Amino acid sequence: MPNTPAPPTALCFDLDDTLIDDVAASSAGLRTVMERLGHPDFGAARALWDTQTEISFGAYLRGHLSLEEQRRERIRALAVQAGHNNVADQHCDELYRLYLDTHRSAWQVYPDTHSTLAALRQAGYRLAVLTNGIEALQHAKLQAMELTGYFHTVVCADSAGAGKPDPRIFHHTAQRLGVDPTDCWHVGDQVQADGVGAIAARMHPVIIDRSGRAPFEGITTITDLGSLPRMLGVPTPSGTL
């Protein structure tokens, strides 16, 4: 792990797969859509869904697709893989609503999320959510998981006018927190969006990798959120470091 820099005055957190287990929720939604399409292979579907999401949602963030268009592209890719070559827009929309309903029912925070945020907030750090997710959906997650009260601000790509790794969304978040970007750490699970983006914005990146793979060279890497208060010398609710 690289040498830890000077402690921050504020911390920004990605939401999906950092504070909330989105892989589990999206897998539940994906299985529901697969059942409707008669898709037999979850491994192939998961790999395709992740790749198509990166492509289509990335195009949405860059302004090349509408929200509905990127959702339809993702559903159509899955449908084609299942052998359905012609799927109408209306049917795509219906399938994506089914995906969202199942996804919502499977939301859950990681076991260390609440204790970590509570410890950092109690220690006086200013906290923000910095996410590429859709504002309406991300706020609904935060409220449902009782996370809203920990944060001074929530910044989403669709309302900020830029998405990670664009430095502008990081700078916008720092401004909302009332601090300089150099005084912020950004915690997330994606090396490109969260790590490279934070560096470009002059924030210190912290990558959370719960799989325990080798640390990313040049980037502070942790395997659980509970490591964050310990790095900062912040007591956890149990009083341990």
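Every number in this text was worked out from the coordinates using simple rules, so none of it is lab data. In this text, all values refer to a predicted model and were calculated from it rather than measured experimentally. Cβ placement follows ideal geometry from the backbone for every residue including glycine, while neighbour counts extend to all protein chains displayed.
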Taking Cα atoms, the helix 89-105 axis meets the longest principal axis of the chain at an angle in degrees (rounded to 10) of 40 degrees
Between Gln175 and Thr9, what is the spin-label point distance in nm, taking each point 7 Å from the Cα along the Cα→C-beta axis?
1.8 nm
What FRET efficiency would be calculated for the residue pair Ser105, Thr53, taking the C-beta separation as r and a Förster radius of 22 Å, to the nearest 0.05?
0.65
Paramagnetic reach from Val196 (point 7 Å along Cα→Cβ, amide N under 18 Å) across the range 46-67
51-63
Suppose a student asked you for the relative contact order of the chain, using Cα pairs under 8 Å spaced at least 6 residues apart; what percent would you report?
26 percent
By the C-alpha gyration tensor axes a ≥ b ≥ c (rounded if a/c is under 1.5, else prolate when a/b exceeds b/c, else oblate), the shape of the range 23-105 is rounded
Around Pro181 (Cβ within 15 Å, Cβ-to-Cβ, excluding Pro181; K/R +1, D/E -1) the net charge comes to +1
Using a 7 Å offset from the Cα along the Cα-to-Cβ direction at both Met145 and Leu98, what is the distance between the two label points in nm, to one decimal?
2.6 nm
16 Å cut-off, amide nitrogen to a point 7 angstrom out along Thr236 Cα→Cβ, residues in the range 108-146:
110-123
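Taking GluC sites (Glu not before Pro) as exposed when DSSP calls them loop (any state but H, G, I, E, B) and at most 16 other Cβ atoms lie within 10 Å, what is the longest stretch of the chain free of them, the sites themselves excluded?
The longest such stretch corresponds to 1-145.
Dipole magnitude of the chain about its Cα centre, charges +1 at Lys/Arg Cβ and -1 at Asp/Glu Cβ only, in debye to the nearest 20?
On the way: 20 positive and 28 negative charges, 54 e Å.
Dipole about the Cα centre, nearest 20: 260 debye.
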Say R0 is 51 Å: what FRET efficiency, to the nearest 0.05, do Ser211 and Ser159 get from their beta-carbon distance?
0.95
